[in-house]
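Each remark here refers to the structure printed beneath this line.
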Amino acid sequence: MYKLIVRPIFFLFDPEKIHYFTFSLIKTLCKIPFLPSIFKKLYVLEDKKLERKLFGLTFKNPVGLAAGFDKNAVLFNELTNFGFGFIEIGTVTPKGQIGNPKKRLFRLKDDQGIINRMGFNNDGVEAVIQNLKKNKTQLIIGGNIGKNTTTNPDNYTEDYCKVFKELHPYVDYFVLNVSCPNVGSHAKLNDKDYLVELINACKSLNLKEAIQKPILLKIAPDLNTIQLDEIIELVNETKIDGVIASNTSTNRDNLVASKQQLSAIGNGGVSGQPVKEKSTAVIKYLADASHKSFPIIGVGGIHSKEDALEKLNAGADLVQIYTGFIYEGPGLVKKINKAILEEL
């Protein structure tokens, strides 16, 4: 029904506008007493065999929602009705910011992808905390954090640390987003020495808390093997808890979309099917070259159960979806979990 009726209607409208319309629709539907139970019956698969224990946390199942969908933690309670094992909110910055000028979100229908240059639009850490205080779920919530676009490079660490400290009581794990191509200058965030400084600063704050939260690093799919070797060295040196592979790609090779269409869209990160092979290759390289010495969350181009299994078999411990959720609908989560059980 979703792909035959709902998606064709949604795809008639501007992607960002329909995104927020969908939020309002889901919130409204979940207020109707019997509907959440129906959604759970349709989309939730409960089985102890799906549980995954990773960096001290127990995930109900290995399929999560990637950051960028519920940036401000306004829908995570309702999204639990769709079968996710965990939800990552954000990217959250210290101060609220409107992001890049619109139009900034584009569908690549023929490629089953999306290009975005949102620019970390979010309401800021204080507003997100107020939303997280309304948490009614037992679901694991991750906090994806970043810097404000206008922040001077000398103060990047201060931005990350501010969000880390304030968000700490309200999320189960953290993701340092250092690989988004849509937030102005981020060259410093790709420097290994700086990343050591940033990770150690967050770890130092973590140690001051009664309960330490896992810290992960989100990396780009466009890194070469030398850069991936540096990531492995970085994980070993800092003892960070894991890696998320991967973010959106700036590479537009082999797209079905015409050069004219891409030129009209302009800059932005590509997600969905066009990054599937790249992200899987990154996962496999990290897993093999490190002898699977740290956890990996695989994300990028998961539009089917086969795509998810491919990432898990490549070395991912968990997977996340976003663009696939938009193209394939909420039934995708259950399909993946069923396939995982069948493999077991």
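The values are calculated or read from the model by the stated rules, or taken from the named source; none is laboratory data. All figures in this text were calculated on a predicted structure; none of them were measured in a lab. FYI the Cβ positions are ideal-geometry reconstructions off the backbone, even for glycines, and counts take in every protein chain you see.
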Every residue from the range 128-160 that is over 19 Å from the mean Cα position of the chain (by Cα), surrounded by 18 or more Cβ atoms within 10 Å (Cβ to Cβ) and not hydroxyl-bearing (Ser, Thr, Tyr): ASP159
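Looking at the structure I just gave you, is TYR20 of a type in the set (Ser, Thr, Tyr) and surrounded by 14 or more Cβ atoms within 10 Å (Cβ to Cβ)?
Values: of a type in the set (Ser, Thr, Tyr): yes; surrounded by 14 or more Cβ atoms within 10 Å (Cβ to Cβ): no.
No, not satisfied.
Can you tell me which residues in the range 242-260 are surrounded by 14 or more Cβ atoms within 10 Å (Cβ to Cβ) and either within 15 Å of ILE115 (Cβ to Cβ) or over 19 Å from the mean Cα position of the chain (by Cα) (or both)?
So the first thing to find is which residues in the range 242-260 are surrounded by 14 or more Cβ atoms within 10 Å (Cβ to Cβ), and the list is 242-252, 255, 257.
Across the range 242-260, the qualifying residues are ASN247, THR248, SER249, THR250, ASN251, ARG252, LEU255, ALA257.
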From the options LYS239, LYS208, LYS203, LYS165, residue that is on the phi > 0 side of the Ramachandran plot, surrounded by fewer than 18 Cβ atoms within 10 Å (Cβ to Cβ) and modelled with pLDDT of 95 or more: LYS239
Identity of the residue in the range 88-127, among the charged types (D, E, K, R) and more than 30 Å from SER263 (Cα to Cα), that ends up nearest to the chain's Cα centre (by Cα): GLU88
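Return the only residue of ILE340, ILE336 being over 17 Å from LYS218 (Cβ atoms), modelled with pLDDT of 95 or more, assigned to a helix (DSSP H, G or I) and touching a strand residue (DSSP E or B) at 6+ places or on another chain (Cβ under 6 Å).
Working: ILE340 fails: touching a strand residue (DSSP E or B) at 6+ places or on another chain (Cβ under 6 Å).
Matching residue, one of ILE340, ILE336: ILE336.
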Condition met for GLU88 (touching a residue at least 60 places away in the same chain (Cβ under 8 Å), closer than 30 Å to GLY315 by Cβ and among the acidic types (Asp, Glu)): yes
Per-region count, the range 137-160, residues touching a Cys at 6+ places or on another chain (Cβ under 8 Å) and not in a loop (DSSP other than H, G, I, E, B): 1
Residue that is farthest from the chain's Cα centre (by Cα) [pool: residues in the range 182-200 that are assigned to a loop (DSSP other than H, G, I, E, B) and buried (at least 18 other Cβ atoms within 10 Å of the Cβ)]: HIS186
Strands (runs of 3 or more DSSP E) lying entirely in the range 95-136 (those with 1 or more residues that are out of contact with any Phe, Trp or Tyr (no Cβ under 9 Å at 6 or more places or on another chain) and either closer than 21 Å to VAL275 by Cβ or of a type in the set (Val, Ile, Thr) (or both)): 105-108
Strands (runs of 3 or more DSSP E) contained in the range 221-333 and holding at least 3 residues within 20 Å of LEU195 (Cβ to Cβ): 242-245, 296-299
Residue in the range 213-221 that is without any contact (Cβ under 8 Å) to a residue 60 or more places away in the chain, touching a Leu at 6+ places or on another chain (Cβ under 6 Å) and within 23 Å of SER279 (Cβ to Cβ) present: yes
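Test VAL275 against the stated conditions and say whether it is among the aliphatic types (A, V, I, L, M), more than 22 Å from GLY83 (Cβ to Cβ) and in contact with a Gly (Cβ under 6 Å, 6 or more places away or on another chain). Give the derivation first.
Working: among the aliphatic types (A, V, I, L, M): yes; more than 22 Å from GLY83 (Cβ to Cβ): yes; in contact with a Gly (Cβ under 6 Å, 6 or more places away or on another chain): yes.
The answer is yes for VAL275.
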Inter-residue pairs, beta-carbon under 9 Å, first over 17 Å from VAL282 (Cα atoms) and touching a residue at least 24 places away in the same chain (Cβ under 8 Å) and in the range 301-323, second β-branched (Val, Ile, Thr) and in a helix (DSSP H, G or I), 6+ apart: HIS303/THR323; SER304/ILE336; LYS305/ILE336; LYS305/ILE340; THR323/VAL275
Among the residues listed as PHE13, PHE21, the single one being more than 24 Å from TYR170 (Cβ to Cβ), out of contact with any strand residue (DSSP E or B) (no Cβ under 8 Å at 6 or more places or on another chain), assigned to a loop (DSSP other than H, G, I, E, B) and of a type in the set (Phe, Trp, Tyr): PHE13
